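Okay, so here's the structure we're looking at.
Since every read-out is calculated from the coordinates, none of them should be taken as a lab result. This one's a predicted model, so the numbers in the text were calculated from it and none came from an experiment. Every residue, glycine among them, receives a Cβ derived from its backbone with ideal geometry; neighbour counts consider all protein chains shown.
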Amino acid sequence: TGVLLVTRKGEVVYMNQSAAEIVAAADSLSIGHDQILRASTSEETGRLREACVHLGGTSNDSDIVALSVERPSMREALKLIFAPLENSQQDPEGNVIIFIADPEKNALPTAEIIARFFGLTPTESRLARVLIGGQRTEEIAVSMGITISSARTYLKRIMEKTGTNRQVDLVRLLLSTPQIICQPQEDTRPR
């Protein structure tokens with residue numbers, strides 16, 4: 001998830017690596033020489049600014065704004081959630097936090113993370129990971145090289161361990177699992 005911290009004027013004061021990559025792609029969001037966050041159209045830029053002005057001046061920390069921002073490349077729109085930061089009303093800048101999701105880059109939990117969170121065996125966690133991808137039980141069995149009966153048995157065990165009763169509930173639970181995206185570190189040891 002991209003994270004931006006902006007003032008009520010839309011001036012960017014912080015961005016994480018994911019947000020920087022989204023901005024660098026220059027496919028919807030940009031930051032001008034004045035450090036103001038902009039969208040690709042003046043209409044969407046206006047909506048961004050309205051959200052910042054509104055939330056930068058609110059004391060209601062449960063007040064949020066959700067916006068979709070279209071991309072000139074015609075890829076799926078970015079999803080933005082704006083929220084006021086605590087004490088933003090007392091801060092003359094009125095800071096707002098913006099979370100940016102790129103629907104085309106949804107990070108799914110790894111089988112290892114799933115196994116650790118829910119106490120699943122390696123086979124159960126691999127099956128759960130494939131299930132998140134939208135495959136049916138029969139397709140999963142074929143892709144994993146197991147029988148349909150075995151796939152159903154594993155699925156039943158997964159549901160017991162996760163306390164879910166339906167596949168849709170299981171998938172929702174698995175998708176709510178926190179993610180980290182790790183990049184392998186370069187080996188700097190002498191060879």
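Along the stretch 25-31, what does the Karplus equation 6.51 cos²θ - 1.76 cosθ + 1.60 (θ = phi - 60°) give for ³J(HN,Hα), rounded to whole Hz, x for Gly and Pro?
Once θ is set to phi - 60°, the couplings for the stretch 25-31 become 5, 6, 10, 2, 9, 8, 10 Hz.
Taking θ = phi - 60°, what integer Hz values does the Karplus form 6.51 cos²θ - 1.76 cosθ + 1.60 yield along the stretch 8-19, in sequence order, with x for Gly and Pro?
5, 7, x, 6, 6, 10, 7, 8, 7, 4, 5, 5
Mind running the shape call on the stretch 105-169? Use the C-alpha gyration tensor, a ≥ b ≥ c as the square roots of the eigenvalues: rounded below 1.5 for a/c, prolate if a/b tops b/c, oblate otherwise.
Details: a/c = 1.42, a/b = 1.16, b/c = 1.23.
Since a/c stays below 1.5, the shape of the stretch 105-169 is classed as rounded.
So if we plug the beta-carbon distance of GLU43 and SER73 into 1/(1 + (r/R0)^6) with R0 = 22 Å, what FRET efficiency do we get, rounded to 0.05?
Working: r = 18 Å, r/R0 = 0.81.
Step by step, r from the Cβ atoms, then E = 0.80.
Amide H of ILE36 versus every other amide H placed in the peptide plane: which residues, excluding those fewer than 5 positions away on the same chain, fall under 5 Å?
Under 5 Å from the amide H of ILE36: VAL12.
I'd like the Karplus ³J(HN,Hα) series for the stretch 32-39: coefficients 6.51, -1.76, 1.60, θ = phi - 60°, whole numbers in Hz, and an x wherever there's a Gly or Pro.
Working through the residues one at a time gives x, 4, 8, 6, 8, 6, 9, 9 Hz.
At what distance in angstrom do the alpha carbon centres of the stretch 129-156 and the stretch 1-65 lie from each other?
When both Cα centres are located, 42 Å separates them.
Note the full-extension length gain between VAL53 and GLU138 as 0.36 nm times their separation in residues minus their Cα-Cα distance, in nm to one decimal. Intermediate results must be reported in sequence, preceding the final value.
Working: separation 85, 0.36 × 85 = 30.60 nm, distance 5.14 nm.
Full extension of this stretch gives 25.5 nm more.
Residues with beta-carbon under 11 Å from that of PHE118, excluding PHE118: net charge, scoring Lys, Arg +1 and Asp, Glu -1? Provide the component values of the computation, followed by the final result.
Details: positive: ARG116, ARG157, LYS161; negative: GLU124, GLU160.
Net charge around PHE118: +1.
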